[in-house]
Amino acid sequence: MPPQYAPSLRSRLAPLLLFLQTGFIIIFAFYTEIERNGNADDFSKRYPDFQDVNVIVILGFGFLGTFLVRHGFSGSGFNLLVAAMATQWALILNGVESLYYRGRLRIDLKSLIVAEMCTASALISIGAVLGKTNPVHLILIGLLEVSGFILNKWLLQFLLNTHPLISIMMLHIFGSLFGLMLTGTLYRKGSEQRFEKEKFDTKMGLFSMLGTVVLWMFWPSFNSVLVDDRTPGRKLEAVCSTYLALAVSAVTAAAMSVLSNPKGKLHLIHLQSCILAGGVAVGVSMSAVRHPWEAMIIGFAAAIISSIGFQYLKIHMLLAFQCHDTCAILSSHALPGLLGWIAHLVLQIKDSDDHTVAIRFAVFHICSLLITIALSVTLGILTGLLIRLKFWRPPQYKNCFDDQAFWEFSHLAVRK
């Protein structure tokens, strides 16, 4: 008897996509305009940055999710689908202030870059539930997570007067905590054991490693794209610091992978989960990093913490908190992000000559983390409760991590 796969999503996915896209088109038709006041030099400076961020969001995150043997189509294809929808939504939400004061949503390359960075936060969250949800779930998660992240960004900027770069770089902490709460809410009985089709394949692992390499190559652009280039040398500092942190993180992750393996061999999934930890940590602390050695120490510590998290915390999170983390976003984004937050606090206090200013910064910095944690955890749980509804037709246990539930394979079609 042929396997029974998930029912057709024609009555759910197609209407949702068409409804949302029609709504976006109407909003863009009546309320948006392209910002044409910039000169050619601004475009030539911004466009390479936009290309780099676009490559990270589409190629990097897309290929990164293809490591599962029967979930490669969904890992890359649904990443593109969610990114396309979430970026449009982020453009609209980020332009609300412009709409209020000017009557129009202004779009330029910087707004596109910021929108894609907001989308990256949603893609991080989706990594926790990869393979256990259908595309309708992913679209809803993407839109709700982007909405929550932009709300968090507004709160930090307007309540605490946080610099835009710092508020956006909280995407690692916000996205990972949102995803962990989401996957905990969507817990399925039997998840303590590996899902039947949750398997790693060497061929798909090669594609996934390609995504890691793409992220590693372009991460300096991701961290430096919003750095104020009016300060001489500041953008160069950001690029150099990120590269050095990534380099140290890659070397340390390889050493930790060998040390933690019983046979003393490199583990590809372990390496992928920890190799970017330095870039994540130094991105969160970018505003306070001034010297190469600071970035290198942050990268070294991030790789160690990420490796320990991957090796020990992932299974304990599943057993203790019923939190099945498919892509190990706890070790790859949450822990390095928190380390970067601590490094930012320590470096800022170290470089401050005024104790009153240092204390004031510490209070505001701690408040920014508390707001981010509270909002991400709350919205992650609420989103999980929403998409648990049977109306969205969640995939059955036996159909999790299986492309055949959603994609057509002509060579597997039953001929009558």
**Study point:** Anchor Lys350: lysines whose Cα lies under 17 Å away (excluding residues fewer than 8 positions away in-chain)
**Key:** none
Check your understanding: Can you pick out the pairs among Lys132/Lys153; Lys45/Lys203; Lys263/Lys398; Lys265/Lys314; Lys203/Lys265 whose Cα atoms lie more than 27 Å from each other?
Key -> Lys132/Lys153; Lys45/Lys203; Lys263/Lys398
Review point. Under 16 Å from the Cα of Lys110, which aspartates and glutamates turn up, not counting those fewer than eight places away in the same chain?
Key: Glu33, Glu35, Asp41, Asp42, Asp49, Asp52, Glu97, Asp228, Asp229
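In terms of the Cα gyration tensor, with a ≥ b ≥ c the square roots of its eigenvalues, is the stretch 125-179 rounded because a/c is under 1.5, prolate because a/b exceeds b/c, or oblate? Could the numbers behind the result be given before it?
Numbers: a/c = 4.03, a/b = 2.37, b/c = 1.70.
Taking the square roots of the gyration eigenvalues as a ≥ b ≥ c, the stretch 125-179 is prolate.
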Review point. Taking +1 at the Cβ of each Lys and Arg and -1 at the Cβ of each Asp and Glu, which of Cys274, Ser176, Ile139 sits farthest along the dipole of the chain towards its positive end, judged by Cα position relative to the Cα centre?
Key: Ile139
Revision key, fill the gap. Taking placed amide H atoms and a strict 5 Å upper bound, the residues 5 or more places from Leu105 or on another chain that come that close are Thr32, Glu33
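Quick one: dipole size for the chain, taken about the Cα centre, charges +1 on Lys/Arg Cβ and -1 on Asp/Glu Cβ, in debye to the nearest 20. Can you show the working numbers first?
On the way: 33 positive and 25 negative charges, 285 e Å.
Using Cβ point charges on Lys, Arg, Asp and Glu, the chain gives about 1380 debye.
Please report, largest first and rounded to whole Å, the three semi-axes of the ellipsoid equivalent to the stretch 7-76, where each semi-axis is the square root of five times an eigenvalue of the C-alpha gyration tensor. Kindly include the intermediate steps, with their values, before the conclusion.
Values: eigenvalues 205, 121, 4 Å².
Semi-axes from the Cα gyration tensor: 32, 25, 4 Å.
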Exercise for review: Give the Rg (one decimal place) followed by the Dmax (whole number) of the stretch 269-416, computed from C-alpha coordinates and expressed in Å.
Suggested key: 20.9, 80
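When 1/r is averaged over all different Cα pairs and the result inverted, which Kirkwood radius in Å belongs to the stretch 229-305?
On the way: mean 1/r = 0.0793 Å⁻¹.
This gives a value of 12.6 Å.
Top to bottom by accessible area (1.4 Å), largest first, where do Lys263, Lys189, Lys45, Lys132 land? Let's see the in-between values first.
Values: Lys263 160, Lys189 185, Lys45 130, Lys132 25 Å².
Of Lys263, Lys189, Lys45, Lys132, the descending order of accessible area is Lys189, Lys263, Lys45, Lys132.
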Practice item. May I ask you to give the percent of accessible area on the chain that is carbon plus sulfur, with a probe radius of 1.4 Å? Key: 66
Point to revise | Integer Hz, Karplus 6.51/-1.76/1.60 couplings in order for the stretch 176-182, x for Gly and Pro | key: 6, 5, 4, x, 5, 5, 5
Review point. When the chain is treated as a GNM, springs tying every alpha-carbon pair under 10 Å, which of Leu80, Leu259, Leu156 comes out with the largest mean-square fluctuation?
Key: Leu259
Point to revise | Ranked by how many other beta carbons lie within 10 Å on average, peptides 379-391, 112-124, 23-35, 159-171 from highest | key: 112-124, 159-171, 379-391, 23-35
Revision key, fill the gap. Residue-normalised 222 nm signal for the chain, counting each DSSP H run of n ≥ 4 as -39,500 (n - 2.57), nearest 500 deg cm²/dmol, is -22000 deg cm²/dmol
Practice item. Specify, per residue and in Å³, the volume enclosed by the convex hull of the alpha carbon atoms belonging to the stretch 60-99. Key: 50
Review point. Of Ile329, Leu318, Val363, whose Cα points farthest to the positive end of the dipole of the stretch 277-416 (charges on the beta-carbon: +1 Lys, Arg; -1 Asp, Glu; origin at the Cα centre)?
Key: Leu318
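Given a 1.4 Å probe and heavy atoms of the protein chains only, how would you sort Arg102, Arg36, Arg46, largest accessible area at the top? Numbers along the way, then the final one.
Numbers: Arg102 145, Arg36 185, Arg46 70 Å².
The ranking, largest first, comes out as Arg36, Arg102, Arg46.
When a/c is below 1.5 the answer is rounded, else prolate if a/b is larger than b/c, else oblate, so apply that to the chain with a ≥ b ≥ c taken from the square roots of the Cα gyration tensor eigenvalues.
On the way: a/c = 1.69, a/b = 1.21, b/c = 1.40.
Verdict is oblate for the chain.
The values are calculated or read from the model by the stated rules, or taken from the named source; none is laboratory data. Note that the structure is predicted; figures quoted are calculated from it, not measured. Note: ideal-geometry Cβ built from the backbone for every residue, glycine included; neighbour counts use all protein chains shown. Accessible surface is based on the protein model in full, side chains and every heavy atom, while ligands, DNA and RNA are left aside. Shrake-Rupley method; radii C 1.70, N 1.55, O 1.52, S 1.80 Å.
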